Amino acid sequence: MSGIQAMPMAKALNAGLRQAMLDDPKVLLMGEDIGPLGGVFRITEGLQAEFGQNRVLDTPLAESGIVGTAIGLAMRGFRPVCEIQFDGFVYPAFDQITSQLAKMTNRHEGTLTMPIVIRIPFGGHIGAVEHHQESPEAYFAHTAGLRVVSPSNPHDAYWMIQEAIRSNDPVIFFEPKSRYWPKGDVNLDERGPELHSTQVVRAGTEVTLLGYGPMVSVLLQAAELAAEEGTSAEVIDLRSISPIDYDPIIESVRKTGRLVIAHEAPGFVSVGSEIAATVTERAFYSLEAPVLRVAGFDTPFPPAKLETTYLPDADRVLEAVDRALAY
Amino acid sequence: MSYTEATLQLLSPAGSIVESDTTAEYLPYIDKLSDEELREFHRVMVVTREFDLEATNLQRQGQMGLWVPSIGQEAAQVGSAFATRKQDHIFPSYREHAVAMIRGVDMLDILRMLRGLTHGGWEHAKHNNFHIYTLVLGSQTLHATGYAMGLNLDGSTATGNPETDEAVIVYFGDGATSQGDVSEALVFAASYQTPELFFLQNNQWAISVPVSTQSRTPLYLRPSGFGIPGIQIDGNDVLISYATTRKYLDEARAGGGPRFIEALTYRMGAHTSSDDPTKYRPDSEVEHWRELDPIARFETYLRGRGEGDDFFQDVATEAADYASDIRLRTLALGPPSTSMIFDTVYSEPHALVGQQKEWLANYEASFDENGAAE
Ligand SMILES: Cc1ncc(C[n+]2csc(CCOP(=O)(O)OP(=O)(O)O)c2C)c(N)n1
Ligand SMILES: [Mg+2]
């Protein structure tokens, strides 16, 4: 494939996985229902047919088993890419991810690498039942030894998945499932920005809006609405949750003096809290207002009929923008 | 995987009683059932299926977020559920609609959950100890085991009185057997000799993954490695499901320790309304199992016992009425209140959650009637 093609993120991820498998015969896919079905979101559609059952493993139904055996496969020189079916089903693998995967390289004093990617469809807006709409990224960002990223658009998804697979460290790859289907241009020839870099996706002067994954499109929408009301908002797509590329954020805040951070995950002990603290440390004298967080409530993700009340939307972002401007 | 020599069966697919040395042990349980009870087995299977079809329609019409059909598994569920005693506790997975019906759950409560109005739906204390559905595969097997440990600890079991001694039955699927939780539940159950029956519905598929990926041996053999007796039954035979569950649960409640039943059945429909089974399984397999349909088989049996058209007609009418009533009540369901997000996160007041509830109320009040912020 080459050129610029419009495709949904689901297809971009599929193409990115395929390219990574073509580039390196050690890349393996593992997960529940990822073979003939192509995964419940069809991200791996056609890949088992193309690469065979030794490259695309439809595993037994056990997340701890998937990640634990991926660790052994990585020790043997493979580069496993694990699919967790839904965000809320990663927890059976939590021990293998946090106590084993994250610490393996350190435990081996750097003599062993763990090139494993764990793909997790995450977030709400799909009207699903319990355990299917969660945003557990903070648990993983809190764990040293893991890299954590989340693309917000098809182009980034195509390139970031390939970079994540090339990384010699474990990468937790959060896929915004509400963004699987909208189409966007993917430039198949021109590599996107580096995996762990933050991108300014809309320039503005009065307030900086920062988010990642599913929230970026909401922030762009909020910035559009703000512009109609005469407020100029800059929008930043974080892309990398751990590590965080702070320079573009600090630069933006120095210009705007105001920062609103949004994510679907609860706000308490969150990615937003971490960024707010660091920005306050590094850009205190540039701030015209406290850094504000717009987040999911500190409650379990509610039943589907209440999800739009729970999830931050453009209005809630604008409410925070108003508060920031009022200081 | 279909029936093997080990598969216990009382009712052949042709609808006649199987008399043999192995069935001799189970036939007395059936002989004790009255005509009324046998008719009840049929009635619940038919009503559940009609309910299930109606729920599928409601989902297609946008009235449900998701539907999880149980079609094909009625006999495994109805037989085992009728074999429980009123004091028993039932820990379901998420497809046990017929068991729920038998234990007195209002089926609208299941629809409320899958419509996206609640994560739970019913109180087990008010519904004959039928606990709420569990969506994280296998988790409930540990909860059931702990509950059964509690029965041992507080002396509510093994006193010698089957009318009051309590026991636990836990339902799970073939895919779930691969979860660590299920193996751990078997370990705890064996260590603490719990009054518990593990009831596995092997419907041959875990979404698109065949049971052969989960186990190279028949699953009823797995518990023996844990020191728990296991048997395999024809899960489309409501009579063997009833007889074996009755026997095993009563042995467990008498202090005999945990037991395990693998019921071979088939998920005739999609995994859920989001699934397209034609992507991974051949029609011929579905057709094979259609021949083994649990309801048709039992109807043949009842007709052989002299049950006439009137009865079957009455049941069909009742099922249709039930389905249309469920439809009306589903359409009448209102939206949930936003306070549900906050009110039961903790059992006692919590500062942060309280503040956020108040913030949301003020925020929502700040929108005028046109939906614009003031
Ligand atoms: C821990 C966990 N992982 C993944 C899932 C997603 N999932 C839901 S049902 C299902 C298949 C379950 O198969 P089985 O246990 O055989 O039960 P059945 O659906 O056939 O009744 C999967 C993979 C889940 N619910 N929980
Ligand atoms: Mg199954």
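The values are calculated or read from the model by the stated rules, or taken from the named source; none is laboratory data. None of the values given here were measured: they were computed from a predicted structure. Virtual Cβ from ideal backbone geometry, glycine too; neighbours counted across all protein chains shown.
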Scan (1) within 10 Å of the chain's Cα centre (by Cα); (2) more than 16 Å from residue A:244 (Cβ to Cβ) for the single condition residue A:152 breaks and write down its number. (2)
Go through (1) within 16 Å of ligand 1 (Cβ to nearest atom); (2) more than 13 Å from every other protein chain (Cβ to nearest Cβ) one by one and return the number of the condition residue B:181 breaks. (2)
Counting just the residues of segment B:270-292 that are within 14 Å of chain A (Cβ to nearest Cβ) and assigned to a helix (DSSP H, G or I), which one comes out nearest to the chain's Cα centre (by Cα)? B:277
From the residues in segment B:259-288 that are away from ligand 2 (no atom under 13 Å from the Cβ) and surrounded by 20 or more Cβ atoms within 10 Å (Cβ to Cβ), which one is farthest from residue A:33 (Cα to Cα)? B:259
Output for segment B:186-211, where each listed residue is more than 9 Å from ligand 2 (Cβ to nearest atom) and polar (S, T, N, Q): B:191, B:193, B:194, B:208
Looking at residue B:322, is it in contact with a strand residue (DSSP E or B) (Cβ under 6 Å, 6 or more places away or on another chain), in a helix (DSSP H, G or I), surrounded by 11 or more Cβ atoms within 10 Å (Cβ to Cβ) and touching a residue at least 40 places away in the same chain (Cβ under 8 Å)? no
Do we have any residue at all in segment A:156-172 that's in a strand (DSSP E or B), surrounded by 19 or more Cβ atoms within 10 Å (Cβ to Cβ) and either within 13 Å of the chain's Cα centre (by Cα) or charged (D, E, K, R) (or both)? yes
Can you find a residue that is free of Cβ contacts under 8 Å to residues at least 24 places away in the same chain and either over 23 Å from residue B:208 (Cβ atoms) or out of contact with any strand residue (DSSP E or B) (no Cβ under 6 Å at 6 or more places or on another chain) (or both) anywhere in segment A:8-18? no
In this structure, does residue A:322 turn out to be charged (D, E, K, R), closer than 22 Å to residue A:208 by Cα and free of Cβ contacts under 8 Å to residues at least 12 places away in the same chain? yes
Out of all the residues in segment B:39-51, which are within 13 Å of residue B:327 (Cβ to Cβ) and crowded, with 22+ Cβ neighbours inside 10 Å? B:51
Taking the criterion of being charged (D, E, K, R) and under 15 Å from residue B:54 (Cβ atoms), would at least one residue in segment B:83-101 satisfy it? no
May I ask you to verify whether residue B:163 is in a loop (DSSP other than H, G, I, E, B), more than 16 Å from ligand 2 (Cβ to nearest atom) and either among the charged types (D, E, K, R) or within 13 Å of the chain's Cα centre (by Cα) (or both)? yes
Scanning segment B:194-231 for residues that are under 20 Å from the mean Cα position of the chain (by Cα) and away from ligand 1 (no atom under 16 Å from the Cβ), the one nearest to the other protein chains (Cβ to nearest Cβ) turns out to be B:230
Regarding segment B:140-147, can at least one residue be identified that is under 21 Å from residue B:345 (Cα atoms), surrounded by 17 or more Cβ atoms within 10 Å (Cβ to Cβ), within 16 Å of ligand 2 (Cβ to nearest atom) and in the same structural domain as residue B:201 (by TED's automatic domain parsing)? yes
Which of the following residues is more than 18 Å from residue B:238 (Cα to Cα), away from chain A (no Cβ under 14 Å) and in contact with a helix residue (DSSP H, G or I) (Cβ under 9 Å, 6 or more places away or on another chain): B:331, B:302? B:331
If you go through A:257, A:272, the only one that is away from every other protein chain (no Cβ under 14 Å) and more than 30 Å from residue B:338 (Cα to Cα) is A:257
Criterion (over 25 Å from residue A:258 (Cβ atoms) and either among the basic types (Lys, Arg) or touching a residue at least 12 places away in the same chain (Cβ under 8 Å) (or both)) met by exactly one of A:139, A:212: A:139
Name, by its number, the condition in (1) farther than 23 Å from residue A:309 by Cα; (2) out of contact with any Lys or Arg (no Cβ under 8 Å at 6 or more places or on another chain); (3) in the same structural domain as residue A:27 (by TED's automatic domain parsing) that does not hold for residue A:160. (2)
Six or more apart or on different chains, Cβ atoms under 6 Å: show the pairs whose first residue is in segment B:185-211 and within 18 Å of residue B:285 (Cα to Cα) and in contact (Cβ under 8 Å) with a residue 12 or more places away in the chain and whose second is of a type in the set (Ser, Thr, Tyr) and more than 11 Å from ligand 2 (Cβ to nearest atom). B:208/B:280
Kindly indicate whether residue A:211 is of a type outside the set (Ser, Thr, Tyr) and crowded, with 21+ Cβ neighbours inside 10 Å. yes
If we take segment A:1-112, then helices (runs of 4 or more DSSP H) inside it with 2 or more residues that are buried (at least 23 other Cβ atoms within 10 Å of the Cβ) are A:9-23, A:63-75
